[in-house]
Amino acid sequence: MFLFRKVAIIGVGFIGGSLALAMKKNRICREVVGVSKHKRTIILALSRKAIDKGSLSLDIIRGSDLVILSTPVSSIMHLKNEVLRYVDRECIITDVGSTKESVFLALSKVFPNYIGSHPLAGSEKKGIANASSGIFKGSLCLLTLAKGRSTVAFNKVKEMWRRIGARVVTLSPKEHDKKLGFASHLPHAVAYALINSIPKNTLKFAAGGLKDTTRISASDPGMWNDIFMTNRDNLLDAICSFEDSLKRIKSAIKSNDKRILIKILSQSKKKRESLK
């Protein structure tokens, strides 16, 4: 049984394209349409059978009962008034943005059936060419819901993510941004800083450790610029915490305190091993 009649995905890149493929595979809706700024993206999405129809114009989203905003965070907020011209008040709106407080504030004012989504299934890769229907299987998807919002809309969005394989956890927008500032945004900031601290003439000696630790620094700079700046305060708190942690290691090494250093490293190892 279909959850939706027509789903429109604005931004059929890696996440949007993967969502489209997963929806088709799991029969979430009768029809999936896609919108992109680039004609070649639409052509590739059609050739991969990720979407049934595609366009460079938002006019194609008319009649949708679910619209998914899968663009950078700053674009999501700017799109709201344009999207409003093409959908009715009953249409459910969700997004896949990595920050939620500013997005929720902007979208919930104009869309009564807005539910925030954040699938934790990203990659340093981008584009519809790298999209895959299976990236959401076993992943975690965070949903944000304000008091007084439609439980019918929330339950349908929750069921959509469940059917494509994700586990769903609900957070307030504020709690989401605080937790993700540490769990997601800080690791990216550290990876970008780490690779920049390595002298270029030593990169040829890099082994698995550096490659593994800095893999995510190959992510899209434009997208992460948006994420960092829209979660500025929480990320700065997380960076301060990291700086304190690094200072403790530096201090132990500088003072030749092997006991403290092994204690710090052992605590870190234990915490890392607790990750599922």
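Just wondering, is there one or more residues in the stretch 260-271 that are touching a residue at least 24 places away in the same chain (Cβ under 8 Å), within 28 Å of His176 (Cα to Cα), in a helix (DSSP H, G or I) and assigned by TED's automatic domain parsing to the domain that holds Phe182? No: the stretch 260-271 contains no residue that is touching a residue at least 24 places away in the same chain (Cβ under 8 Å), within 28 Å of His176 (Cα to Cα), in a helix (DSSP H, G or I) and assigned by TED's automatic domain parsing to the domain that holds Phe182. Criterion applied to Ile76, Ile60, Ile51 was being surrounded by 15 or more Cβ atoms within 10 Å (Cβ to Cβ), in contact with a strand residue (DSSP E or B) (Cβ under 6 Å, 6 or more places away or on another chain) and within 24 Å of Trp224 (Cα to Cα), and the one residue passing it is Ile76. Of the strands (runs of 3 or more DSSP E) lying entirely inside the stretch 70-172, those containing at least 3 residues that are closer than 30 Å to Lys49 by Cβ and of a type outside the set (Asp, Glu) are 92-95, 114-120, 140-144. On the given criteria, is Gly222 surrounded by 14 or more Cβ atoms within 10 Å (Cβ to Cβ), in a helix (DSSP H, G or I) and within 24 Å of the chain's Cα centre (by Cα)? When the stated conditions are applied, Gly222 does not pass them.
Residues that are surrounded by fewer than 16 Cβ atoms within 10 Å (Cβ to Cβ) and either among the polar types (S, T, N, Q) or under 14 Å from the mean Cα position of the chain (by Cα) (or both) within the stretch 105-126 comprise Glu124, Lys125, listed in sequence order. No other residue among Thr144, Thr151 is modelled with pLDDT under 95, in contact with an Asp or Glu (Cβ under 9 Å, 6 or more places away or on another chain) and in the same structural domain as Ile10 (by TED's automatic domain parsing) apart from Thr144. Each residue in the stretch 188-207 was checked for being over 26 Å from Met223 (Cα atoms) and either at pLDDT 95 or above or not in a loop (DSSP other than H, G, I, E, B) (or both), and 4 pass.
Can you pull out the residues in the stretch 247-256 that are in a helix (DSSP H, G or I) and out of contact with any helix residue (DSSP H, G or I) (no Cβ under 9 Å at 6 or more places or on another chain)?
Across the stretch 247-256, the qualifying residues are Lys247, Lys250, Lys254.
The values are calculated or read from the model by the stated rules, or taken from the named source; none is laboratory data. What you are looking at is a predicted structure, and each value in this text was computed from that prediction instead of being measured. Quick reminder, even Gly has a Cβ in these numbers, built from the backbone with ideal geometry, and neighbours come from all protein chains shown.
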